[in-house]
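Here's the structure we're looking at; comments come further down.
Just so it is clear, none of the values below were taken in a lab; they were calculated from the coordinates. Keep in mind the model is a prediction, meaning the values are calculated, not measured. With ideal geometry, Cβ positions are generated from the backbone for all residues, glycine too; neighbour counts draw on all protein chains shown.
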Amino acid sequence: MTEQEDQHQKHSIEHTLVRAIAGHSSDNLSNRMLVFIHPPKCAGRTFSSILDARFVATRSDEEQGCWVRGTIYGQYLGAEKDETLRNLETVDRDSVYLRGHLPVGVFDDFKHTPAYITMLREPAAQAQSLYRFGVERGGWKNGTAVADLVDRGLMIDNPQTRQLAGLQTASELCTEETLNTALNNLKDFLFVGKAEQFEIGLQVLLSRLGGPGALYHSRGSGKAIDIALDIKCDLDDLTILDKKLFGNVPDVEPVKGAYLPYIIVDSIVMKSKESSTLTITELEIADARKVLESQGHTMRERP
């Protein structure tokens with residue numbers, strides 16, 4: 001196992017992986033590289049853990065995958081976060097699966113053509129979630145002016161449009177032309193979901209990938225922090241193009257006859273009240289087995 005693989009498994013597949021054997025084909029990617037373009041605070045943590053587990057459950061010994069760590073455009077996602085583009089430089093060019101806060105169009109020197117997927121979120125909700133995250137993690141105090149955060153490079157306008165248009169730096173202007181580029185890029189995506197339709201989107205994506213499915217718990221990390229109305233209004237002003245982008249993305253339609261999510265995936269289990277340790281309990285496994293057996297499927301643990 002390479003050092004990169006080892007890090008991937010340590011950080012992304014931290015605990016027991018329980019896989020449902022559902023009789024579906026392992027992949028429909030035709031030798032392409034699955035790339036999750038992850039806009040911050042768009043339900044990507046739960047989505048990523050499911051994709052990670054699917055990769056580990058279906059990969060061959062030779063296939064490489066990686067979580068590209070870091071932030072994008074300098075947005076505050078925790079102390080001392082490097083830019084993902086800088087970290088992308090060290091990623092194996094033979095990779096078949098990548099995820100991270102990355103822009104479209106930065107994979108020309110990779111062996112496999114990217115098959116893009118993404119999960120978007122209603123822009124005002126995303127901006128407020130980013131603001132709360134900064135408060136929660138000590139990046140700034142609640143009530144800090146949005147303009148001050150933008151001036152300090154800790155927040156940025158229209159982050160979803162920027163990523164999907166392929167802007168690589170915070171200094172690049174996000175304009176109507178950028179929005180058009182983003183919308184054109186989305187036409188070639190394998191999947192475009194919305195956080196507000198998470199379960200339906202997951203069903204559709206896993207159906208397109210050929211399974212397996214996933215039984216999961218949300219890994220959302222945000223806390224209920226009240227934001228003043230003037231702050232919300234200023235955050236709203238940062239999302240004008242993102243709102244147009246989001247409004248042009250159709251809702252995800254359920255796939256007729258597609259299987260529902262039904263795999264338990266590593267550490268997406270709930271964090272217990274008594275302990276901060278993420279574990280998967282025998283009771284949860286037993287409950288999952290009942291669900292699977294009622295659908296005519298079996299379940300096994302992957303070593």
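Ordering of 189-202, 152-165, 78-91 by packing is 152-165, 189-202, 78-91, highest average first (other Cβ atoms within 10 Å, averaged per residue). Close amide H pairs (under 5 Å, H built 1.01 Å from N) link G193 with T118, M119, L120, residues at least 5 positions away or on another chain. For T71, the amide hydrogen comes within under 5 Å of the amide hydrogens of D82, E83, T84, counting only partners 5 or more places away or on other chains and with H modelled in the peptide plane. Rounded to whole numbers, the Karplus 3J(HN,Hα) couplings from phi for region 239-251 are 10, 4, 6, 4, 5, 5, 4, 4, x, 8, 8, x, 5 Hz, using 6.51 cos²θ - 1.76 cosθ + 1.60 with θ = phi - 60°, and x at Gly and Pro.
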